[in-house]
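Below is one structure, written out as structure tokens; the observations come after it.
The values are calculated or read from the model by the stated rules, or taken from the named source; none is laboratory data. Remember, predicted model here, so these are calculated numbers, not experimental data. Quick reminder, even Gly has a Cβ in these numbers, built from the backbone with ideal geometry, and neighbours come from all protein chains shown. Note: areas computed on protein heavy atoms with side chains; ligands, DNA, RNA excluded. Shrake-Rupley method; radii C 1.70, N 1.55, O 1.52, S 1.80 Å.
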Amino acid sequence: LSSSSAASDVYKRQQYVGPRMMIAGTGVEHDFLHSLSEKYFSSFPSSQPDLISGGPSPPVYQGGELKIPSKTLEEIGPQSEGEPPLKDHIVIAFKSCSYSDPDFYAFATLHTLMGGGDSFSAGGPGKGMYSRLYTEVLNQYGWVESAEAFNFCYSDTGIFGVSASTLQDSPQLSDLCSVICQQIASVGQGVDSKELQRARNQLKSSIFMNLETRAVLFDDVGRQVIAYGKRFSAEQLCEKIDSVTSEDIMRVCRKMIAHKPSIVYYAPPKTLSGALNLEDVYSYLKSFSE
């Protein structure tokens, strides 16, 4: 317990410091918020101790493959009524960009354009039922349980990819990998103007709808000030989204798949043994980036 407490104290001294804190508020007078900040936070250190000699090393994207064995239904035993069926999963990811990179908005638009979800999505406004992963994967292959794009951007790098699943012991796990790779690569070959406009509109719509919630609003203020030193209005963000062209989407997609992917499989050992390996996937994707 004493060791844990000491580690906690060290962590607080290193992390709970002025340069790592942001105070944001909405619906409150600036001077009042400032007075509260001085009252409760002025005692915090104004500088951060050096955690690593010489500063942190810049991240270097490597790519790679990981196969995680899961338990089979025989090993787990009978499932309860209403319990979801067991699934095999795959994640394919690539190096993208940081949130300060000029291509940030192209990747955000690509994320919306790819979209996705699961096979039981109900649809409705803004649900992305016309996105690439819905129209070309979920609506075309009945054995695909889910397929959804993700995009995470940090201060120094980012990662973009697709996670997908099929029922456990399905012989299509390698097929699922191929289908996902085909859709990612196809974006680098061309994007229809109507499809691009729909993605831009959906992305802009999500910004305005999210900012209607006060908690999201001041969270957005804090994140932007930390990331950029100022806050961009929703209108300014939409201007940047509208400036994304089909050529931008194709360019960032080709740039992305030129790097070795990161692949994670989660399935029973027998299924994993037949899954496509990293080099096969990389060779296939690389042919589209040249």
Looking at L73, is it over 30 Å from the mean Cα position of the chain (by Cα), under 30 Å from L217 (Cβ atoms) and at pLDDT below 95? no
Subset of the stretch 270-290, residues open to solvent by less than 80 Å² (accessible area, probe 1.4 Å) and either part of a strand (DSSP E or B) or over 19 Å from S96 (Cβ atoms) (or both), comes to T271, L272, G274, A275, L276, N277, S283, S287
Apart from one, (1) in contact with a strand residue (DSSP E or B) (Cβ under 8 Å, 6 or more places away or on another chain); (2) closer than 18 Å to A93 by Cβ; (3) assigned to a helix (DSSP H, G or I) all hold for Y134; the odd one out is (2)
Subset tally (residues that are modelled with pLDDT under 75 and farther than 30 Å from K240 by Cα) for the stretch 122-144: 1
So how many residues does the stretch 194-233 have that are open to solvent by less than 60 Å² (accessible area, probe 1.4 Å), in a helix (DSSP H, G or I) and free of Cβ contacts under 8 Å to residues at least 24 places away in the same chain? 4
Is it true that I180 is in a helix (DSSP H, G or I) and either touching a residue at least 40 places away in the same chain (Cβ under 8 Å) or open to solvent by less than 40 Å² (accessible area, probe 1.4 Å) (or both)? yes
